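The values are calculated or read from the model by the stated rules, or taken from the named source; none is laboratory data. Since the structure is predicted, the reported quantities are computational estimates derived from the model, not experimental observations. Using ideal geometry, Cβ is built from the backbone for each residue, glycine included, and neighbour counts are taken over all protein chains shown.
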Amino acid sequence: MRPAGLAILGSTGSVGVSTLQVVSANPGEFPIVALTGYSNDALLYAQCEEHRPAWAVLVDEAAAERLERRVRAAGLPTRVDSGTQALQRVASLPEVGRVMAAIVGAAGLLPTLAAARAGKQVLLANKEALVMAGHLMMEAVRAGRGELVPIDSEHNAIFQCLPPPDGQRAQGVRRLILTASGGPFLDAPLESLAAVTPDQACAHPNWSMGRKISVDSATMMNKGLEVIEACWLFDVAPGDVDVMIHPQSIVHSMVEYEDGSVLAQMGCPDMRTPIAHALGWPRRVASGAPRLDLVASTDLSFRPADTTRFPCLALARRAAEAGGTAPAVLNAANEEAVAAFLDGRLAFTGIAAVVAGVMDAIGPEPVQSLEHVLDVDATAREVAAREIDAATRAETPA
Ligand code: NAD
Ligand code: MG
């Protein structure tokens with residue numbers, strides 16, 4: 001039996017906050033042992049007041065000091081720690097049975113791996129960790145006798161449409177179908193994309209999310225990362241995973257079987273549903289999400305994804321097919337390009353161009369070790385920085 005204690009890595013983010021809402025909707029069910037964030041001490045303090053965890057971690061030291069002063073003054077039972085090592089430490093505490101991995105990007109890799117190695121049930125939102133180091137992550141889950149339960153709504157949907165995992169590959173599956181909303185620029189004129197602003201890219205039509213994943217949704221790199229995520233989670237090849245645009249975001253994904261059956265999971269686009277499913281699994285618990293109004297949802301439409309509009313989807317498929325270090329290169333280049341776009345240093349259409357340039361410069365190699373993955377990640381970021389500089393110079397009139 002795993003202990004009931006829950007650690008939430010990234011509790012101050014969008015998925016983290018939704019997780020705490022589900023926890024509050026089920027009083028006494030999911031005791032919180034640890035909460036972590038990067039630097040938002042005001043929000044983490046409010047979360048500590050409400051949930052009284054044993055540990056709170058902020059990566060930023062000055063913010064952690066501010067948090068510690070307030071926690072002490074209020075007499076809360078919470079000990080405060082700082083730095084990246086502390087994330088790995090709280091993810092491995094013996095009183096923690098499950099870890100919500102909701103840090104964004106490559107920063108989530110080491111703490112998520114630590115949780116897997118320590119045999120925790122890992123509720124995985126941090127898809128980038130699996131994209132970068134899927135082989136190492138799956139190996140860590142097996143070696144630690146842990147478990148991965150997907151939080152990403154598409155993968156959680158597929159998990160619900162497959163038979164319960166028993167260590168065997170599901171039988172008779174013809175393909176997995178990931179749905180994608182298409183984001184805010186699904187029908188925008190192609191020539192308008194170069195000029196879109198970060199706020200326009202982050203204004204998702206159906207989902208409210210952190211800024212990095214919102215940009216990934218607008219480029220559809222998010223769906224590409226999800227194809228790679230699905231291959232690791234469900235032990236399938238990239239060719240077995242199709243992507244379908246479904247602008248209403250009601251069908252969260254599907255599994256097609258040999259006999260022609262297609263099983264879908266539906267619900268309102270609200271992350272509290274997959275979070276509650278994973279927290280309660282195999283039971284069902286309250287989520288606080290609105291109920292789906294089937295009469296109002298009659299217009300469910302599907303269309304193929306267009307890689308001229310969404311070149312990032314094709315780049316991710318290329319990385320998925322190449323395997324080895326290619327997905328880590330893709331992910332690092334994308335993180336740098338998205339950060340540059342959000343800072344106003346790169347055009348929206350520059351994101352795919354930078355990722356393609358970095359992938360052309362760094363060929364795939366078989367993954368040797370975690371250090372190898374981290375080296376490749378660092379090199380890809382350096383090459384991406386040069387590509388971003390070159391793109392900026394090309395755009396700036398002399
Ligand atoms: P977010 O930006 O809202 O939150 C990220 C969290 O990570 C915050 O708590 C932040 O403080 C922390 N963080 C950021 N940088 C860090 C660093 N260097 N070290 C330690 N902590 C750091 O992001 P989000 O939208 O909640 O997404 C989190 C993860 O979940 C991502 O991997 C995303 O792809 C995935 N996901 C999110 C959604 C969603 O609806 N938001 C849906 C599916 C999957
Ligand atoms: Mg998703």
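Observations on the structure shown:
- Any hit, segment 149-164, residues being closer than 29 Å to PRO311 by Cβ and among the small types (Gly, Ala, Ser): yes
- Every residue from segment 108-119 that is under 17 Å from GLY134 (Cβ atoms) and out of contact with any Asp or Glu (no Cβ under 7 Å at 6 or more places or on another chain): LEU109, LEU110, PRO111, THR112, LEU113, ALA114, ALA115, ALA116, ARG117
- For segment 129-163, taking the residues that are of a type in the set (Asp, Glu) and more than 13 Å from the chain's Cα centre (by Cα), the one that is nearest to ligand 2 (Cβ to nearest atom) is identified as GLU147.
- For segment 154-172, the set of residues classified as outside any loop (DSSP other than H, G, I, E, B) and over 16 Å from PRO274 (Cβ atoms) is empty.
- Against the numbered list (1) surrounded by fewer than 23 Cβ atoms within 10 Å (Cβ to Cβ); (2) away from ligand 1 (no atom under 11 Å from the Cβ), ILE158 comes up short only at (1).
- In this entry, ALA356 passes the filter for residues that are surrounded by 17 or more Cβ atoms within 10 Å (Cβ to Cβ) and closer than 21 Å to ALA195 by Cβ.
- Near pairs, Cβ below 8 angstrom, 6+ apart or cross-chain, from segment 130-146 (free of Cβ contacts under 8 Å to residues at least 24 places away in the same chain and farther than 21 Å from ALA106 by Cα) to any residue that is buried (at least 20 other Cβ atoms within 10 Å of the Cβ) and among the aromatic types (Phe, Trp, Tyr): none
- If you check LEU292, LEU263, LEU300 for being in contact (Cβ under 8 Å) with a residue 40 or more places away in the chain, surrounded by fewer than 19 Cβ atoms within 10 Å (Cβ to Cβ) and assigned to a strand (DSSP E or B), only one passes: LEU263.
- Of all residues in segment 1-11, those satisfying the criterion of being buried (at least 22 other Cβ atoms within 10 Å of the Cβ) and under 13 Å from HIS51 (Cα atoms) are LEU6, ALA7, ILE8, SER11.
- When residues of segment 192-212 are limited to those that are assigned to a loop (DSSP other than H, G, I, E, B) and within 15 Å of ligand 2 (Cβ to nearest atom), the one farthest from GLY16 (Cα to Cα): PRO205
- Of the residues examined, GLU191 is one that is away from ligand 1 (no atom under 16 Å from the Cβ), without any contact (Cβ under 8 Å) to a residue 40 or more places away in the chain and more than 29 Å from VAL262 (Cα to Cα).
Residue-by-condition table, conditions (1) free of Cβ contacts under 8 Å to residues at least 40 places away in the same chain; (2) within 16 Å of ligand 1 (Cβ to nearest atom); (3) not hydroxyl-bearing (Ser, Thr, Tyr):
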| residue | (1), (2), (3) |
| --- | --- |
| ALA230 | no, yes, yes |
| GLY267 | yes, yes, yes |
| SER287 | no, yes, no |
| PRO311 | no, no, yes |
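- Residues that are modelled with pLDDT of 95 or more and touching a Pro at 6+ places or on another chain (Cβ under 9 Å), drawn from segment 204-213: ARG211
- In segment 1-15, the residues that are away from ligand 2 (no atom under 16 Å from the Cβ) and in a helix (DSSP H, G or I): none
- When segment 63-88 is filtered for residues that are under 25 Å from GLY105 (Cα atoms), touching a strand residue (DSSP E or B) at 6+ places or on another chain (Cβ under 9 Å) and crowded, with 16+ Cβ neighbours inside 10 Å, the ones remaining, listed by number, are ALA63, ALA64, LEU67, VAL80, ASP81, SER82, ALA86, LEU87.
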